[in-house]
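Reading through the C-alpha cells given below for one structure.
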Amino acid sequence: MLRYNVRAMKEGDSQITEIIAAAGPSIGELYACCKENAPNFSCSEEQFRVSIERSLAKFCQSADTAPTAEEVNAFIGQLQADDLLMAIACSNGCERAWWEFDQQHRPYLERVARHLAKTEVDAQDVIDTVYVELYGTRVVDGERISKFATYSGRGSIRGWLRTVVWHSLVDLHRSSPDEVSLDEMTENVGEGAAHAAFLAGVDDGELEAVDQLAEKRYRKATIESLSAAFASLEPHERLLLLYYHVENLKLREIARLLENEDSPLRGWFQRKSQTRDSGGRTHESTVMRWLEKCYARVLENFSNELSTTQGLSREESAICMELATRDLGSGDLFAKLSAT
Amino acid sequence: MANQERIDPQYETIQALLGGFLATRKEATPAAGHIEQDTIAAFVEGNLSEREAGPVISHMADCGFCRNVSAELIRLDAAFAETPATIKETASEPGKISEVLSGLFAKIFGTSDGAVFAHHEEEKKDKQEDSDEEKK
C-alpha cells in the first residue's frame, strides 16, 4: 500500500490523537443519523468510530501540516456515512445489510463486470469472485476478513465496487495459464486492450552512413531534452498529459474528472491560469486550453534544455526539430531514438 | 489509436513529439507500492480534498499501473453516464445471503458447508442483537 514520503505528522502523534478526540462528537452524531436511516444494520458505534478514525488519521498524515478544524469537519461531512455503515454491517455478516446491498448494487456490479470483461464467462467468474471476496473466506485470528473492511466511505460504494471489479479482472488474467506481465495485464482489461501497440520497431537502415553519427547525436539530444522538459512539469500537468497521450482518455472523459467543483486537479489548473470558471460543467475546450498550456511549457523547457544542457546552438536546435518533424512524418522517430 | 482531437497548430509538433515519447517510454513502478483501491475510487469521483489528492496525483504521474486503473474508471464512469442503466425489477422477498453464498462456495470449492457454518454464526449473533434491541 502507498506510504507517502512527506509525513511530518506520524501516526500516534499527540496532535493526531487530539484531532481524533475533537472529532468524537461529530462521529457520534453521524453514527446516530446513519443508525436512524438503517436501524436493522448490525454495526456498533465502536466499529463505525474506529473505521472513521482510521481514515481521519490517514487524512492527517497526507500532508506535512495538521489539518484545520474546518478541514476535519469538511472531511467528516463528505464521508458517505450511510454506505460506510452498510459496508461495516455487511462485513459483520448482517443479513439485512447484505440484502440491501444486493438489492441496491448487484445490478450495477454486474453491469460493470460485463462492460469490462471480454466474455460473459469472465464476467460471471468475476461477479462470483467479487461476492466471495466481499463476504471473505480468509480467517485471521478467528475473524473472517471481508473485502468490505477496506471501504472507508471516502467515495461512493459504487465507485469502490468499480475498482474491486477491475482488480478482480486483472487477477483473473494473472491466474490464467499463460504468465503475463503487469503491463500486459492492464492492457487486457477494458479499453487498455485497444492501446497496447506502443512499441512497434522500425528499421533505420535508410539513414545515410555519412549522417548517421550527427543524426544520432541530435536525436539523442532531442529525446533527452524532451524527457527533461516533461519531468520539469508539475505532477498535475504530467498527469493530464499522460491521461491524454498514454491512457488515451478523450477530452470529454478528462472533463468529467474535473467536473466536480471541489476537484483538486481542477483547482490547480484554475490557479495556474488565474481564471475561475463560473462553476458547473468543465467543457472539452477548457481541457484543451489546459493541454495547450502544458505544451507551451514543454516547448519552452525543451528549447532551454537543447541550448543549456545539450549545449546546442540555435541552428543545431533547429536541426533537431527538423529531424524530429521528418521522423514523425515517417512514423519512426521513437524507434530510432530507442536505438540510440 | 491515439487521441486525434484538434489542438492549436502551433503546438502540433511538440504535441506529436511528446505523444510519441510518452507512449514509448518505459515506466518504472514506484518503490512505495500502489494506491489503495478505495483512494483511487474517491479520486476519480473527485471526493478527495486537495491535501489528500496531492500525493495521489504525484504517484499517478509516475505509476503507470495506478494511472491505468484510474483511467479505466474514468472511462467507465463516462460510458455509464452516457448510457444510464435500466432499473432492474427487484425481488419482493429478501434473498438470503447464506443461500447466495452457499451456491457460490459450492461452485468454487465444491462444498458450501464452511460458508454456511460461518455465516450462521453471524446470523445467530444478529438475531440476538435484534432481540436485545426489541427488549430495550
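The values are calculated or read from the model by the stated rules, or taken from the named source; none is laboratory data. Here the structure is a predicted model, which is why all the values come from computation and not from measurement. All Cβ positions, glycine included, derive from the backbone under ideal geometry; neighbour counts span all protein chains shown. Only protein heavy atoms, including side chains, enter the accessible area calculation; ligands, DNA and RNA are left aside. Shrake-Rupley method; radii C 1.70, N 1.55, O 1.52, S 1.80 Å.
Give the residue that is most open to solvent (accessible area, probe 1.4 Å), with candidates limited to residues of the range A:49-70 that are touching a Lys or Arg at 6+ places or on another chain (Cβ under 8 Å) and part of a loop (DSSP other than H, G, I, E, B). Reasoning before the result, please.
First, pick out the residues of the range A:49-70 that are touching a Lys or Arg at 6+ places or on another chain (Cβ under 8 Å): A:55, A:59, A:61-64, A:67.
Restricting the remaining residues to those that are part of a loop (DSSP other than H, G, I, E, B) gives A:62-64, A:67.
Numbers: A:S62: 11, A:A63: 18, A:D64: 93, A:P67: 14 Å².
Within the range A:49-70, the match that is most open to solvent (accessible area, probe 1.4 Å) is A:D64.
Would you point out the residue of the range A:82-95, among those that are out of contact with any Asp or Glu (no Cβ under 8 Å at 6 or more places or on another chain) and open to solvent by 10 Å² or more (accessible area, probe 1.4 Å), that is farthest from A:V170 (Cα to Cα)? Even if it seems obvious, please write down each step before you answer.
First, pick out the residues of the range A:82-95 that are out of contact with any Asp or Glu (no Cβ under 8 Å at 6 or more places or on another chain): A:82-85, A:87-91.
Then keep just the ones that are open to solvent by 10 Å² or more (accessible area, probe 1.4 Å); that gives A:82-83, A:88, A:91.
Working: A:D82: 29, A:D83: 25, A:I88: 26, A:S91: 24 Å.
If we take residues in the range A:82-95 being out of contact with any Asp or Glu (no Cβ under 8 Å at 6 or more places or on another chain) and open to solvent by 10 Å² or more (accessible area, probe 1.4 Å), then A:D82 is farthest from A:V170 (Cα to Cα).
Test of understanding: among A:T137, A:T150, which residue is among the β-branched types (V, I, T) and modelled with pLDDT of 90 or more?
Numbers: A:T137 fails: modelled with pLDDT of 90 or more.
Matching residue, one of A:T137, A:T150: A:T150.
Here are the criteria: (1) at pLDDT below 60; (2) over 21 Å from the mean Cα position of the chain (by Cα). Tell me which single one B:A85 does not satisfy.
Of (1) at pLDDT below 60; (2) over 21 Å from the mean Cα position of the chain (by Cα), only one is false for B:A85: (2).
Any residue at all in the range A:132-148 that's touching a residue at least 60 places away in the same chain (Cβ under 8 Å) and buried (at least 17 other Cβ atoms within 10 Å of the Cβ)? Walk me through it before giving the result.
At the first step, the residues of the range A:132-148 found to be touching a residue at least 60 places away in the same chain (Cβ under 8 Å) are A:148.
Subset that is buried (at least 17 other Cβ atoms within 10 Å of the Cβ): A:148.
Within the range A:132-148 (the criterion being touching a residue at least 60 places away in the same chain (Cβ under 8 Å) and buried (at least 17 other Cβ atoms within 10 Å of the Cβ)), the answer is yes, since at least one residue qualifies.
List the helices (runs of 4 or more DSSP H) that sit entirely inside the range B:1-62 and contain at least 1 residues that are closer than 27 Å to A:A66 by Cβ and modelled with pLDDT under 85.
Because the criterion is at least 1 residues that are closer than 27 Å to A:A66 by Cβ and modelled with pLDDT under 85, the helices (runs of 4 or more DSSP H) in the range B:1-62 that meet it are B:50-62.
Looking only at residues that are assigned to a strand (DSSP E or B) and within 11 Å of another protein chain (Cβ to nearest Cβ) in the range A:139-158, which one is nearest to B:L73 (Cα to Cα)? Outline the logic, then answer.
Of the range A:139-158, the ones assigned to a strand (DSSP E or B) are A:139-140, A:143-145.
Next cut, within 11 Å of another protein chain (Cβ to nearest Cβ) only: A:139, A:143-144.
Numbers: A:V139: 30, A:E143: 32, A:R144: 29 Å.
For the range A:139-158, the residue satisfying everything is A:R144.
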